[in-house]
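Taking it in order: structure first as structure tokens, then the write-up.
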Amino acid sequence: MTGTNTQARKLDLLRGVFGFGTFRPGQEAIVDAILAGRPALAVMPTGSGKSLCYQLPALVFDGLTVVVSPLIALMQDQISALKLAGVEAETINSSRPRPDNVAAWHRVAAGTTRLLYLSPERLMTERMLAAIGRLPLKLVVVDEAHCISQWGPGFRPEYAALARLKESFPGVPIAAFTATADAITRQDIAAKLFAGGARTFVAGFDRPNIHLAVDMKRDGRQQLLDFLAPHAGRSGIVYCLSRAKTEATAATLAGRGFQALPYHAGMEAAARSRNQDRFLAEPGVVMVATIAFGMGIDKPDLRFVFHTDIPGSIEAYYQEIGRAGRDGAPAEARMLYGLDDIRVRRQFIDREDSDDERKRREHQRLDALIGYCEAPECRRRTLLAYFGERIEPCGNCDVCNDPIPLADGTHEGRMALSAVVRTGERFGTAHVIDVLAGTATARVARLGHDRLPTFGIGAAREPNEWRSIVRQLVAAGFLRLDIAGYGGLKATESGRALLRSEKEFRYRPDAARSRPRAKKRGRAKPAALASTDAEAPLLAALKTLRLALARERGVPAYAVFSDRSLADMAARRPRTRDEFAAVHGVGQAKLDRFAAPFLAAIAAAADGST
């Protein structure tokens with residue numbers, strides 16, 4: 001197929017199968033790289049359409065695409081959505097009866113299947129590798145690719161075997177996708193999966209529709225209930241640190257009238273599956289879960305994520321809040337944190353069956369998240385800076401909407417920066433604080449740091465105060481934590497300007513203080529999802545019809561149509577098949593399957609009979 005023909009085919013499939021007239025920002029460059037046979041690593045925020053970036057090339061190619069995915073539920077949901085769009089896709093996994101798996105393989109071997117979804121454990125057996133090697137394999141996709149990195153969040157050892165893909169399928173392009181990977185994790189993925197030779201696409205990490213807020217834990221149970229009160233009838237996730245807390249919280253919420261379900265690894269598989277199916281299929285369900293729940297969950301109308309305890313790292317936090325607001329409409333992410341759950345997180349790290357190097361890095365990642373909690377300025381700015389992205393204050397977080405009174409910490413900031421620079425910018429927080437506090441540890445004495453001018457200049461402050469100041473200097477961009485190296489603190493250009501008295505540093509003098517947040521938000525409903533009062537009754541009727549059709553087919557509601565598609569229908573009010581075909585997300589297969597019932601619902605609304 002020539003380049004011109006490939007481009008034409010690409011655009012025809014985008015409209016004819018997926019029902020989209022244009023690509024979203026960042027998608028087309030990734031699609032084109034894959035179509036050109038180049039290895040690619042794409043880091044795209046949740047909800048930005050990363051699945052299309054490999055599903056579309058899979059349809060352009062004349063052959064098979066294998067997609068490596070970590071969760072059976074994720075595979076099944078994607079396959080359901082693809083089949084409704086008229087795409088032949090299969091999975092072979094342990095949850096299906098053997099005859100079903102055998103029949104699926106026969107369809108793959110016969111060449112009728114375009115996408116085959118497999119877990120890494122299933123794919124990387126010698127038997128499966130050999131069988132796939134005999135087929136016209138055109139592309140291998142690794143989804144949730146951060147799992148291949150031992151430094152990434154949610155490490156899954158089985159992903160390590162994927163480093164053999166390059167030698168198992170020589171000449172076959174490999175594409176990897178993830179929503180969460182800092183620079184170190186991206187380098188690790190590229191080294192393991194591509195031997196460093198891949199083009200990396202970073203589409204940006206910002207999810208501007210998610211309002212960010214953090215509160216110090218006071219009465220966690222009441223704080224959760226107060227948060228949920230205005231969210232009654234909406235879908236969301238409440239994350240808890242332990243299984244016992246998950247069960248107790250779900251019971252409390254159910255007793256208060258919420259459709260709350262528990263989910264954790266200690267439950268029977270059948271019960272977990274039932275609860276997940278209800279969460280995906282029904283509106284207004286609140287899933288109370290440990291981190292065992294969430295990877296790959298695609299529920300676009302998730303309106304909130306609430307953490308009752310601090311997560312393990314900024315990467316984990318970003319991944320978890322990214323499950324909210326995938327439809328682009330306003331969503332909220334609220335986190336509570338306290339000294340006790342920080343202590344438990346430290347214990348989790350120390351008890352890991354891993355080497356000291358990994359533990360050190362994980363402690364540093366937790367430190368970075370604590371710094372985010374104590375951020376003296378825009379939370380989104382602090383969060384994105386961790387991933388190397390710079391923005392202006394967002395106007396959609398608690399700090400922007402209700403600024404915290406700050407104190408002038410320029411003097412303290414210069415003291416801390418001086419200690420960092422004079423000790424060589426290679427030591428971590430604990431050592432720098434020892435120097436500031438004048439604590440003559442054996443290490444301080446051995447290195448001669450007790451003879452530095454900065455030794456003891458901060459003795460008037462408690463070590464915990466200095467820890468908060470250092471975290472806030474990191475959060476504000478004056479210091480950088482070298483997670484890739486040995487955890488040393490390094491002065492940034494802004495930090496050196498602070499040392500030269502060219503900048504000032506303002507900080508939260510009491511990061512543990514928390515107060516009720518103002519209700520102002522400053523958020524506008526995205527135009528793509530906005531609906532007028534006249535459209536609201538029709539939109540509700542369309543959602544009811546969508547849910548009924550989804551239940552008939554045993555698929556999530558979004559697999560029938562996204563909320564954006566329904567909003568477009570309500571705005572357009574199509575009367576004919578041709579007009580219905582112009583609705584966002586309506587490809588040929590969905591036109592054939594769903595035009596009649598949705599056109600009937602729209603006509604009934606026009607007649608005033610709904």
Can you tell me the order of 33-44, 344-355, 217-228 when each peptide is scored by its average per-residue count of other Cβ atoms within 10 angstrom, highest first?
33-44, 217-228, 344-355
To the nearest 500 deg cm²/dmol, what mean residue ellipticity at 222 nm is calculated for the chain from DSSP H runs of n ≥ 4 alone, each contributing -39,500 (n - 2.57), summed and divided by the residues?
-13500 deg cm²/dmol
Can you compute the FRET efficiency between T112 and R134 using 1/(1 + (r/R0)^6), with r the Cβ-Cβ distance and R0 = 25 Å? Round to the nearest 0.05.
0.95
Estimated dipole of segment 531-606 in Debye, rounded to 20 [Cβ of Lys and Arg +1, of Asp and Glu -1, Cα centre]:
200
What is the set of long-range amide H partners of L137 at a cut-off below 5 Å, with H atoms built 1.01 Å from backbone N?
L64
Kindly put T185, T410, T454, T125 in sequence by how many other C-beta atoms sit within 10 Å of each C-beta, fewest to most.
T125, T410, T454, T185
Would you work out which of A324, V67, M335 lies farthest towards the positive end of the dipole of the chain? Charges go on Cβ: Lys and Arg +1, Asp and Glu -1.
A324
The chain - share of DSSP beta bridges that are antiparallel (%, nearest 5):
10
When the Cα centres of segment 188-254 and segment 551-610 are compared, how far apart do they sit, in Å?
32
Run the reach check for K359 against lysines, Cα to Cα strictly under 16 Å, same-chain hits fewer than 8 apart removed. What comes back?
none
Could you rank the peptides 112-123, 161-172, 18-29 by their average count of other C-beta atoms within 10 Å per residue, with the highest value first?
112-123, 18-29, 161-172
Listed pairs K543/K590; K83/K543; K217/K245; K50/K192; K245/K299 exceeding 18 Å between Cα atoms
K83/K543; K50/K192; K245/K299
Using the number of other C-beta atoms within 10 angstrom as an exposure proxy, rank W105, W466 with the fewest first.
W105, W466
Between A407 and R221, what length comes free when the chain is fully extended (0.36 nm per residue of separation minus the Cα-Cα distance, one decimal in nm)?
63.8 nm
With label points built 7 Å along Cα→Cβ from the Cα atoms of L447 and E579, find their separation and express it in nm.
7.3
Would you work out the Kirkwood radius for the chain? I mean one over the mean of 1/r across all pairs of different Cα atoms, in Å.
26.1
Charge dipole magnitude, Cβ of K and R +1, D and E -1 - the chain, Cα centre, debye nearest 20
180
If you place +1 on the Cβ of every Lys and Arg, -1 on the Cβ of every Asp and Glu, and leave all else neutral, what size is the dipole of segment 3-202 about its Cα centre, to the nearest 20 Debye?
260
The chain: DSSP helices with Cα axial extent of at least 20 Å and average Kyte-Doolittle hydropathy no lower than 0.5:
588-606
Using 0.36 nm times the number of residues separating S242 and L11, minus their current alpha carbon distance, what extension gain do you get?
78.4 nm
If we count other beta carbons within 10 Å of each Cβ, what is the order of D402, D568, fewest first?
D402, D568
Just want the answer: with Cβ charges of +1 for Lys and Arg and -1 for Asp and Glu, which residue in Q588, H106, V560 is farthest toward the dipole's positive end in the chain?
Q588
Here the relative contact order (percent) of segment 86-178, from C-alpha pairs under 8 Å and at least 6 apart, is 25
Which Cα, out of C373, I310, T429, lies furthest along the positive dipole direction of the chain (beta carbon charges, K/R +1, D/E -1)?
C373
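Values in this text are rule-based calculations from the coordinates and carry no lab data. All values reported here derive from a predicted model rather than from experimental measurement. Virtual Cβ from ideal backbone geometry, glycine too; neighbours counted across all protein chains shown.
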